[in-house]
Amino acid sequence: MKMLEADFNFHPIGQGCFYSGLLSFEKIPSLRFNFVYDCGTDSIRKYLEEEIDDYKNGLVGNDLDLLVISHFDADHVNGVSKLLDGIRCRRVIIPYYEPIERLLLSITSNKVDEDYLRFLQNPISFLSNPDRFRVDEIIIIGGPPEEGEVNNLNPENTNPIQGKSLEEFVKDIGDLKELRCQGIFYGIDDSDSTALRIRRLEPADTNFTEVKFLAKPYKVQFDIWEYFFYLKKHDNFLLIKKFTDDVNHLLSANGLSIFDLFDEDNVEELKKIYRSYYGQNLNCTSLVTFHGPLFNSENYQHHFYGYDWFWCNKERTCGTLLTGDIDLNSKKKTNALIKYFNSYLDQVCIFQIPHHGSKYNWYRKHPNGLESFCNYIINHGVGRKSHPSPEVIEYLKANCHGTIHLNNEVKNLNYGFNFYFP
């Protein structure tokens, strides 16, 4: 029998998220695939730094095959520099945020440092800087909305998991390092409108050499595993427009570019303006990510394992749905997510409650359509007043069939699947 082991971990880093996965074949050391979803915290940094050190020490060959950044809040990205330092990362997948959106993030964040500001100023050049990191490829999902476009959902393009037969799978495993797209990649010089408009929005000296743009459907896969992404832009257009008008006035009056405003002194000044006139937070979206096995055979056997009372009582249910800080506080938003992942929801065993269990990101009228998963994960910091909120915990206990798991500074959550093939 050949055994594929899929091992996953929500690391104990407090308020934020650091999630990692390893796919490996028993007795075939060369067949390994390492990936990470988010790496940041708003809690004491030593928890995150210790977890990053331990994780990197366990990387065979110092290769990270895939890093997915759900969104650019500091508590999801402020560990990325340490994670990438000294290792090779084959590909990074990020959502696209316009410069004005990134500027808003810089002034609505509680804690900012120079590294975080440089990342927000120009994520592409930051990640592709060869003097700091070894990133082979950056894949961008989404972009500036088309004129008249409400959002970038396209559920008609989603398809059920298309798998291989057992014979094909065992005979031709292939190279786990070769990630393939079920969709279309555009290079920066192609005629795709998204790529062209992003190039116009970013600074002229942006390093686009290793950048690709993933068109709909937002899916990447290799022989045994797939990743399917959902990205809905925030709907706080009025705030963006008002802030943009004020920023443009400031730029004209001082002969600056928007990228000059990412200077630490300018950010502090902008914070005062923002708090005086707006008093709102930018409602950020996230790159929601489903990942699970691609093969589809009735002959394989799988065994689920987990700690802290993880359980899985459904056949062929081996997927995880990671939601970052997405806003699901209305029936409309929740139904849009459900419709988009309609072909995948039966595959989900692990579901991450969005935004650390905040009541402002969860629709609490039963049924909301997200009650049937085996396990619900809440990433939070110990002692946080509203993360998770009592209202969300109460809803989950009263209406959801699965087990609630808390992931914080002192509680890691580890689970996985072993797949057996004759």
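The values are calculated or read from the model by the stated rules, or taken from the named source; none is laboratory data. Since the structure is predicted, the reported quantities are computational estimates derived from the model, not experimental observations. Positions of Cβ are backbone-derived with ideal geometry, glycine not excepted, and every protein chain shown enters the neighbour counts. In case anyone asks, the SASA skips ligands and DNA or RNA and just uses the protein heavy atoms, side chains included. Shrake-Rupley method; radii C 1.70, N 1.55, O 1.52, S 1.80 Å.
Name the residues in segment 379-421 that are of a type in the set (Gly, Ala, Ser) and either in contact (Cβ under 8 Å) with a residue 24 or more places away in the chain or open to solvent by less than 70 Å² (accessible area, probe 1.4 Å) (or both), would you?
Keep residues of segment 379-421 that are of a type in the set (Gly, Ala, Ser), which gives 381, 383, 386, 389, 398, 402, 416.
If the condition is that a residue be of a type in the set (Gly, Ala, Ser) and either in contact (Cβ under 8 Å) with a residue 24 or more places away in the chain or open to solvent by less than 70 Å² (accessible area, probe 1.4 Å) (or both), then 381, 386, 389, 398, 402, 416 are the ones that fit.
Taking (1) outside any loop (DSSP other than H, G, I, E, B); (2) modelled with pLDDT of 95 or more in turn, residue 371 satisfies each apart from (1). Going by what's in this entry, would residue 408 be described as modelled with pLDDT of 95 or more and either within 20 Å of the chain's Cα centre (by Cα) or over 22 Å from residue 23 (Cβ atoms) (or both)? So residue 408 passes the test.
Results for (1) farther than 25 Å from residue 226 by Cα; (2) of a type outside the set (Val, Ile, Thr); (3) open to solvent by less than 10 Å² (accessible area, probe 1.4 Å), shown as yes or no for each residue.
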{"site": "36", "(1), (2), (3)": "no, no, yes"}
{"site": "56", "(1), (2), (3)": "no, yes, no"}
{"site": "69", "(1), (2), (3)": "no, no, yes"}
{"site": "84", "(1), (2), (3)": "no, yes, yes"}
{"site": "89", "(1), (2), (3)": "no, yes, yes"}
{"site": "105", "(1), (2), (3)": "yes, yes, yes"}
{"site": "122", "(1), (2), (3)": "yes, yes, no"}
{"site": "129", "(1), (2), (3)": "yes, yes, no"}
{"site": "137", "(1), (2), (3)": "no, yes, no"}
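When segment 220-241 is filtered for residues that are more than 20 Å from residue 121 (Cα to Cα) and open to solvent by 10 Å² or more (accessible area, probe 1.4 Å), the ones remaining, listed by number, are 221, 223, 232, 235, 236, 237, 238.
When the residues of segment 25-57 are filtered to those that are modelled with pLDDT of 90 or more and hydrophobic (A, V, I, L, M, F, W, C), the one that is farthest from residue 293 (Cα to Cα) is 44. Of all residues in segment 1-24, exactly one satisfies the criterion of being farther than 28 Å from residue 286 by Cβ and open to solvent by less than 10 Å² (accessible area, probe 1.4 Å), namely 4. Within segment 46-55, can one find any residue that is under 26 Å from residue 264 (Cα atoms), in contact (Cβ under 8 Å) with a residue 12 or more places away in the chain and within 20 Å of the chain's Cα centre (by Cα)? Yes, there is a match, as at least one residue in segment 46-55 is under 26 Å from residue 264 (Cα atoms), in contact (Cβ under 8 Å) with a residue 12 or more places away in the chain and within 20 Å of the chain's Cα centre (by Cα). For the structure I just gave you, tell me whether residue 358 is free of Cβ contacts under 8 Å to residues at least 60 places away in the same chain, hydroxyl-bearing (Ser, Thr, Tyr) and loosely packed, with under 15 Cβ neighbours inside 10 Å. Here the answer is no, as residue 358 does not meet what is asked. Residues in segment 22-58 that are in contact with a strand residue (DSSP E or B) (Cβ under 8 Å, 6 or more places away or on another chain), of a type in the set (S, T, N, Q), more than 19 Å from residue 85 (Cα to Cα) and assigned to a strand (DSSP E or B): 24 alone.
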